[in-house]
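Have a look at the structure below, then the notes.
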Amino acid sequence: MDTKVLIFKENNIEKDKLREVAEVIRNGGLVAFPTETVYGLGANAFDENAVEKIFIAKGRPQDNPLIVHISQLDDIFPLVKEIPSSAKMLMDNFWPGPITFILNKETCIPYKTSAGLETIGIRMPSDPLARALIKEVGVPIAAPSANLSGKPSPTDINRCIEDLEGKVDCIIGGSNSEVGLESTIVDCTVEPPCVLRPGAITIEMIRKIQPEAYIDPALLNKADQNFKPKAPGMKYKHYAPKASVIIIKGEINKTVEKINEIVQNYIDDGIKVGIMATDETKTYYKKGEVISLGSRSDLTSIGRNLFGVLRTFDDLGVEYIISEAFEEKEYGLAIMNRLNKAAGYNIISL
Ligand code: AMP
Ligand code: MG
């Protein structure tokens, strides 16, 4: 399949180009497009044949439901049975933005889209191009992240092209994803609401609106191999680069010391190794491929860069990536959730 790549400049969404792309989706095609979280791979959420193509293009397990994207609040009403007041309050505070709400679905959403569930995840993104596209298409767009299943999600158009060229009709974009991690997912079919996947809208932020909100215990109980997260996608090995990732957890000076020791051992064995560092520590690593995720004082930059850096290490052909850890609170919880999965919970605690 020929994949058309269309670059849109920020602040200038050309109408004729957008119409062309919307037509592709209306005709049952697939379009990868930018959102503020990560790039998404979109199809008409009402069209099960189109949605089926998403699963094939990504190699996505059939039991992993898609998130449905809307461009304005009114568009949610036909899609769901009811909107509990707790959900409405969270929407009013955080939409448009990087948060998805799980609600009971109406019959207009095919089971293909919800992966057989009676519930559906809905999000209104803030990215202007994403919103303009959904509006132009005139139907909600079902879109998981635009990566091949299991790989780190793409946060720029080139990674999208790498994964999906030849597999989808069209890839659009230009600007990089502002957040860089997938949306927070909140189950609002239960009371109080339950966070199924941590993201940029943190549990601390959610509790300011819904003080009783809690995090799916399965996410916090990582040591228990039998944990069953309520978001089907959370159970898969995910976000993983080709290299093996090892996380070193502990006080920062000791972490640096330990990483240097491990790196030296690998280098002695002739193994190429990468270090995922931070601005505060990068100069303390003298060997291996060192890349900083950003400053520890700005976790948003760490989140924004994480997936891109993991993929850069793959480009460099390292066999191991040794990463520093972050405190698992506020935005650090989402960062560590992705990092832990990339590492397959391969963690050395000091
Ligand atoms: P992605 O868009 O690739 O980030 O994947 C969507 C994520 O949302 C996956 O982890 C899904 O398991 C989760 N998800 C989507 N719909 C539901 C739902 N109805 N109930 C629980 N989790 C969901
Ligand atoms: Mg995904």
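When the range 18-39 is filtered for residues that are in contact with a strand residue (DSSP E or B) (Cβ under 6 Å, 6 or more places away or on another chain) and within 16 Å of ligand 1 (Cβ to nearest atom), the ones remaining, listed by number, are Leu30, Val31, Ala32, Phe33, Pro34, Val38, Tyr39.
Taking the criterion of being within 14 Å of ligand 2 (Cβ to nearest atom) and part of a loop (DSSP other than H, G, I, E, B), the residues of the range 46-62 that qualify are Gly59, Arg60, Pro61. Summed over the range 103-119, the residues that are of a type in the set (Val, Ile, Thr), over 18 Å from Ala43 (Cβ atoms) and not in a loop (DSSP other than H, G, I, E, B) give a count of 1.
Evaluate the following for Ala223: is it surrounded by 17 or more Cβ atoms within 10 Å (Cβ to Cβ), at pLDDT below 95 and either assigned to a strand (DSSP E or B) or away from ligand 2 (no atom under 16 Å from the Cβ) (or both)? Spelling it out, it is not the case that Ala223 is surrounded by 17 or more Cβ atoms within 10 Å (Cβ to Cβ), at pLDDT below 95 and either assigned to a strand (DSSP E or B) or away from ligand 2 (no atom under 16 Å from the Cβ) (or both). With respect to the conditions (1) surrounded by fewer than 20 Cβ atoms within 10 Å (Cβ to Cβ); (2) farther than 20 Å from Thr35 by Cβ; (3) within 13 Å of ligand 1 (Cβ to nearest atom), Val80 falls short on a single one, namely (1).
Residues checked against (1) touching a Leu at 6+ places or on another chain (Cβ under 6 Å); (2) surrounded by fewer than 21 Cβ atoms within 10 Å (Cβ to Cβ); (3) at pLDDT below 95; (4) not hydrophobic (A, V, I, L, M, F, W, C):
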| residue | (1), (2), (3), (4) |
| --- | --- |
| Asp268 | no, yes, no, yes |
| Ile271 | no, yes, no, no |
| Ile275 | no, no, no, no |
| Thr281 | no, yes, no, yes |
| Tyr285 | no, yes, no, yes |
| Ser297 | no, yes, no, yes |
| Asp314 | no, yes, yes, yes |
| Ile321 | no, no, no, no |
| Lys341 | no, yes, yes, yes |
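Within the set Ile120, Ile171, the sole residue that is modelled with pLDDT of 95 or more, more than 15 Å from Leu66 (Cα to Cα), more than 13 Å from ligand 2 (Cβ to nearest atom) and surrounded by 18 or more Cβ atoms within 10 Å (Cβ to Cβ) turns out to be Ile171. All of Val263, Val290 fail the test of being surrounded by 17 or more Cβ atoms within 10 Å (Cβ to Cβ), under 25 Å from Pro152 (Cβ atoms), touching a helix residue (DSSP H, G or I) at 6+ places or on another chain (Cβ under 7 Å) and modelled with pLDDT of 95 or more, apart from Val290. The residue that is farthest from Ile54 (Cα to Cα), among those in the range 16-42 that are within 16 Å of ligand 2 (Cβ to nearest atom) and in a loop (DSSP other than H, G, I, E, B), is Glu36.
Can you confirm whether Lys105 is surrounded by fewer than 17 Cβ atoms within 10 Å (Cβ to Cβ), modelled with pLDDT of 95 or more and not hydroxyl-bearing (Ser, Thr, Tyr)? In short, no.
Listed by first and then second residue, the pairs with beta-carbon distance under 9 Å, at least 6 apart or on different chains, first residue in the range 133-148 and under 14 Å from Ile171 (Cβ atoms) and polar (S, T, N, Q), second within 9 Å of ligand 1 (Cβ to nearest atom) and outside any loop (DSSP other than H, G, I, E, B), are Ser145/Gly40; Ser145/Leu41; Ser145/Lys58; Asn147/Leu41; Asn147/Lys58.
For the range 146-158, a residue qualifies if it is touching a helix residue (DSSP H, G or I) at 6+ places or on another chain (Cβ under 7 Å), modelled with pLDDT of 95 or more and not hydroxyl-bearing (Ser, Thr, Tyr), and the qualifying residues are Ala146, Pro154, Asp156.
The values are calculated or read from the model by the stated rules, or taken from the named source; none is laboratory data. Computed from a predicted structure; not experimentally measured. So basically every Cβ, Gly included, is an ideal-geometry build from the backbone, and we count neighbours across all protein chains shown.
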